[in-house]
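The values are calculated or read from the model by the stated rules, or taken from the named source; none is laboratory data. Owing to the predicted nature of the structure, the values given are computational and were not obtained by experimental measurement. For neighbour counting, all protein chains shown are included, and Cβ atoms are generated from backbone atoms with ideal geometry for every residue, glycine included. Side chains are part of the model used for accessible areas, which takes the heavy atoms of the whole protein and leaves out ligands, DNA and RNA. Shrake-Rupley method; radii C 1.70, N 1.55, O 1.52, S 1.80 Å.
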Amino acid sequence: MTPPKSDVVVTNPDPTVAVKEALELAIKNLDDKIDRRFQGIEQATALARDEQKEKLIALKETLQNAAAEKASSNKDLVEKLEKANQVALTAALQTQKESAAKSELSMADLLKQLQVSFETANKATNEKIDRLTSRLDTGEGRTGGAVDNRQISRLDLQDSRQSADSTRNFILALIGTVLVATGIIVTVLLRK
């Protein structure tokens, strides 16, 4: 009788030489395959490093160029700001000069008006004094002692003329002082 067939293969526990050689060859091929894989990984790592290095160098150059452009842009902005400040300062100084000139003109006009006013008042006072003097010289309103009255009135007239001259001199000195003070103020303002 024949033993029944089964799907199980029974091997001899002692492998043959051909099997040993086949296993050794398979192990050697597996070692070579693993070595090639490690070499491929090392090469890929080296290539990736080189690629990353190139990218970092390019990024560094880009950042340096951007920084240089920004510095140049900032320099241009500073120059524009400096020019704008110069224009503003020039305009402010010009405005101040014009203002000082207008102030000086208005002060001169005011002084002229004061001078005209003082001259008018002085003329009116002189006319009154002259009328009184002429009345005294003709003897109007005298009752006695005409000679004494005439001398007294002439002395009074001289005193009033000296008083008018003193007043006029005081006013002229005051005007001169105001002009000098105005000149000093204008000079100080123009220097600022």
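Each peptide in 45-54, 172-181 was scored by the mean count of other Cβ atoms within 10 Å over its residues; highest first, the order is 172-181, 45-54.
ILE184 contributes an accessible area of around 100 Å² to the protein surface, as traced by a 1.4 Å probe with all chains present.
Tell me the net charge near LEU172. Cut-off is 15 Å between Cβ atoms, LEU172 excluded, with +1 for each Lys or Arg and -1 for each Asp or Glu. Once all neighbours under 15 Å are counted, the net charge is 0. Taking all protein chains together and rolling a 1.4 Å probe, SER117 ends up with roughly 70 Å² accessible. Straight Cα distances below 30 angstrom link LYS20 to the lysines LYS5, LYS28, LYS33, with same-chain residues fewer than 8 positions distant left out. Accessible surface for the stretch 64-143, divided over its residues, is 82 Å² per residue with a 1.4 Å probe. For LYS123, a cut-off of 21 angstrom between C-alpha atoms picks up these lysines, skipping any fewer than 8 places away in its own chain: LYS112.
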